[in-house]
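Peer 1: Input: one structure, supplied below.
The values are calculated or read from the model by the stated rules, or taken from the named source; none is laboratory data. Keep in mind that what you see is a predicted model, and the values were worked out from it rather than measured. Reconstructed Cβ throughout: ideal geometry from the backbone, glycine too, with neighbour counts over all protein chains shown. Note: accessible area is taken over every heavy atom of the protein model, side chains too, but ligands, DNA and RNA are not part of it. Shrake-Rupley method; radii C 1.70, N 1.55, O 1.52, S 1.80 Å.
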Amino acid sequence: MNLKPKVMAKSAVKILKIEPLTHDVLRFEVEKPKGYTFVPGQATSVAINQKGREDDARPFTFTSLPDEDHLEFVIKIYADREGMTSALRNVKVGDELLIAKPWGTIAYKGPGLFLAGGAGITPFIAIFKQLQKEDALQGSQLLFGNKTRDDIILEDWLNILLGDACVHVLSKEDVPGYVHGRIDEEMIGIHYNGGNIYVCGPPPMMEEIGGELDFIGFPPDLVVKEEF
């Protein structure tokens with residue numbers, strides 16, 4: 001999830017593992033500072049600990065759980081853009097990242113419908129892991145929007161975890177077994193069975209879904225999203 005950068009109080013953490021998840025998404029496992037904790041769904045500011053890049057921080061969500069002995073980030077790489085994520089293609093195990101204190105308002109507040117677009121799935125990864133650990137996934141449904149099947153992050157894991165409660169929506173492909181189109185008011189109405197609505201994705205998706213929820217009069221206090 002790529003959100004608004006925050007001011008950093010920097011802690012250096014060594015990269016322990018790098019793993020490709022899709023053609024443009026990498027999973028980074030890094031050291032965890034002593035006493036560092038967060039709530040599933042939260043994010044932090046991340047920079048590369050290299051000369052000239054220390055202040056080029058971008059926000060990313062934790063996809064590990066607070067009680068694990070390391071931190072994990074799932075990051076979409078924009079190779080065609082100059083900047084931090086493009087530079088992440090060139091880091092290696094043993095290099096260091098700089099992280100700040102955790103922040104964010106996305107947190108689990110009860111069963112409901114999760115709406116994710118692309119890398120917006122990342123806060124929900126940690127939330128789903130926590131619910132799985134607590135055997136409390138019942139009542140959680142996911143609509144996950146992507147351009148193509150190749151863009152889906154952790155597709156197999158999500159399918160196994162949520163079963164029929166996981167629905168993949170593809171905007172650029174019409175593939176059997178997947179919904180073709182965009183997450184919209186009609187689709188939300190079909191899959192919403194009560195509880196909260198959790199929303200995370202690129203700004204256009206957030207604005208569009210927010211407008212549709214306002215239009216149908218959905219209670220704002222039941223919408224969980226990042227607040228700035």
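Peer 1: Please give the residues of the range 124-164, grouped as numeric ranges, whose backbone N is less than 17 Å from a label point set 7 Å along the Cα-to-Cβ vector of Tyr178.
Peer 2: 142-160
Peer 1: Related question: For the range 48-117, state which trypsin sites (Lys or Arg not before Pro) are in a DSSP loop and have at most 11 other beta carbons lying within 10 Å of their beta carbon.
Peer 2: Values: sites: Lys51, Arg53, Lys76, Arg81, Arg89, Lys92, Lys109; in loops: Lys51, Arg53, Arg81, Lys92, Lys109.
Of the trypsin sites (Lys or Arg not before Pro), the ones in loops of the range 48-117 whose Cβ has at most 11 other Cβ atoms within 10 Å are Lys51, Arg81, Lys92.
Peer 1: Where nothing but the Cβ of Lys and Arg (+1) and of Asp and Glu (-1) is charged, how large is the charge dipole of the chain around its Cα centre, in debye to the nearest 20?
Peer 2: The dipole magnitude comes to about 880 debye.
Peer 1: Related question: Send over a whole-number figure in Å² for the accessible area per residue of the range 124-228, probe 1.4 Å. Intermediate results must be reported in sequence, preceding the final value.
Peer 2: On the way: 5690 Å² over 105 residues.
Accessible area per residue, the range 124-228: 54 Å².
Peer 1: Okay, next question. Can you tell me the relative contact order of the range 28-94? Whole percent, Cα pairs under 8 Å, sequence separation 6 or more.
Peer 2: On the way: 94 pairs, mean separation 20.1, N = 67.
About 30 percent, as a whole number.
Peer 1: How large a share of the accessible area of the chain, in percent, is made up of carbon and sulfur atoms when the probe is 1.4 Å and the other protein chains stay in place? Walk me through the numbers before you get to the answer.
Peer 2: On the way: 5590 of 11260 Å².
Roughly 50 percent of what the probe reaches on the chain is carbon or sulfur.
Peer 1: Next question. Taking the range 118-205, how much of its Cα-Cα pair set, in percent, is spaced more than 18 angstrom apart? Mind showing how you got there, number by number?
Peer 2: Values: 1619 of 3828 pairs.
Everything past 18 Å amounts to 42 percent.
Peer 1: Here is a follow-up. Stretch His191-Ala79 to full length: gain in nm at 0.36 nm per residue minus the Cα-Cα span? It would help to have the intermediate numbers written out before the result.
Peer 2: Numbers: separation 112, 0.36 × 112 = 40.32 nm, distance 3.49 nm.
Length difference between fully extended and current span is 36.8 nm.
Peer 1: For the range 67-224, what's the relative contact order in percent, using C-alpha pairs closer than 8 Å and at least 6 residues apart? The partial results should precede the final answer.
Peer 2: Numbers: 190 pairs, mean separation 37.6, N = 158.
The normalised contact order for the range 67-224 reaches 24 percent.
Peer 1: So which GluC sites (Glu not before Pro) in the range 154-227 pass both tests, a DSSP loop state and at most 15 other Cβ atoms within 10 Å of the Cβ? Don't skip to the end; give the middle numbers.
Peer 2: Values: sites: Glu155, Glu173, Glu185, Glu186, Glu207, Glu208, Glu212, Glu226, Glu227; in loops: Glu173, Glu226, Glu227.
Those satisfying the criteria are Glu173, Glu227.
Peer 1: Pick out which of Ala12, Ala136, Ala119 has the largest mean-square fluctuation in a Gaussian network model of the chain, springs linking Cα atoms closer than 10 Å.
Peer 2: Taking springs between Cα atoms under 10 Å, the residue moving most is Ala136.
Peer 1: Something else now. Hey, what's the Kirkwood Rh for the range 82-228 if you take every pair of different alpha carbons, in angstrom? Don't skip to the answer; put the middle values down first.
Peer 2: Values: mean 1/r = 0.0605 Å⁻¹.
Result for the range 82-228, one decimal place: 16.5 Å.
Peer 1: Calculate the FRET efficiency for Lys14 and Asp55 from the Cβ-Cβ distance with a Förster distance of 22 Å, rounded to the nearest 0.05. Don't skip to the answer; put the middle values down first.
Peer 2: On the way: r = 20 Å, r/R0 = 0.90.
It comes out at approximately 0.65.
Peer 1: Do any trypsin sites (Lys or Arg not before Pro) in the range 156-228 lie in a DSSP loop with no more than 13 other beta carbon atoms within 10 Å, and if so, which?
Peer 2: Lys172
Peer 1: Right, next: List the pair-distance distribution P(r) of the range 1-149, using every Cα-Cα distance, as the percent of pairs falling in each 10 Å bin from 0 up to the bin containing the longest distance, rounded to whole percents.
Peer 2: Reading upward from the zero bin: 11, 42, 35, 11, 1.
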